[in-house]
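Read through the structure below, which is laid out as structure tokens, and then see the notes.
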Amino acid sequence: MILIVDDQENMCWILSKILSKEGFSVKTAHTAKEALLIADTSEISAAILDFRLTDGNGFDLFLDLKKRNQNFPCVLITSYGSKKLREEASVLGFIAFFDKPFDNHALVTALKGALEKEC
């Protein structure tokens, strides 16, 4: 299952449709708190995390997921991209970074590639 975390409902809906068409099961969350509840009760294969959330940010959520022994590939998406943010994401261990709007195919390809490496 892919976890999508974005405070914009339309972004969750769009990504959910795209990933479902690719054969993935998907759960969505609009806050970090909601995402952690899902992670505690579901088996997640990968996550797409928005950087800016109403109750935190994608970096903190990423670290909270890792503290819970949730070690799965994560992609960071944001409308507020910068070179510094991209570098920080890479250092933390995100598999990919995409500025909104992004190429849907590139995001799906990054996820598939990371999941294939996990197997």
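The values are calculated or read from the model by the stated rules, or taken from the named source; none is laboratory data. Predicted, not measured: the structure shown is a model, and the values here were computed from it. Ideal geometry is used to build each Cβ from the backbone, glycine not excepted, and the neighbour counts take in all protein chains shown. Quick note on the areas: whole protein, heavy atoms, side chains included, nothing else; ligands and nucleic acids left out. Shrake-Rupley method; radii C 1.70, N 1.55, O 1.52, S 1.80 Å.
Whenever a residue of the range 16-38 is farther than 13 Å from L111 by Cβ and at pLDDT 95 or above, its partners that are open to solvent by 50 Å² or more (accessible area, probe 1.4 Å) and among the basic types (K, R), lying with C-beta atoms within less than 7 angstrom and at least six residues away or across chains, give the pairs I38/K27. As a summary of the residue check, F72 satisfies the conditions (1) open to solvent by 20 Å² or more (accessible area, probe 1.4 Å); (2) at pLDDT below 95 except for the one numbered (1).
Quick one: which of I38, I14, I4, I44 is open to solvent by less than 80 Å² (accessible area, probe 1.4 Å) and either touching a helix residue (DSSP H, G or I) at 6+ places or on another chain (Cβ under 6 Å) or hydroxyl-bearing (S, T, Y) (or both)? Steps first, please.
Numbers: I38 fails: either touching a helix residue (DSSP H, G or I) at 6+ places or on another chain (Cβ under 6 Å) or hydroxyl-bearing (S, T, Y) (or both); I14 fails: either touching a helix residue (DSSP H, G or I) at 6+ places or on another chain (Cβ under 6 Å) or hydroxyl-bearing (S, T, Y) (or both); I44 fails: either touching a helix residue (DSSP H, G or I) at 6+ places or on another chain (Cβ under 6 Å) or hydroxyl-bearing (S, T, Y) (or both).
The match here is I4.
So is D60 more than 20 Å from A106 (Cβ to Cβ) and buried (at least 16 other Cβ atoms within 10 Å of the Cβ) or not?
Values: more than 20 Å from A106 (Cβ to Cβ): yes; buried (at least 16 other Cβ atoms within 10 Å of the Cβ): no.
Judged against the criteria, D60 is not a match.
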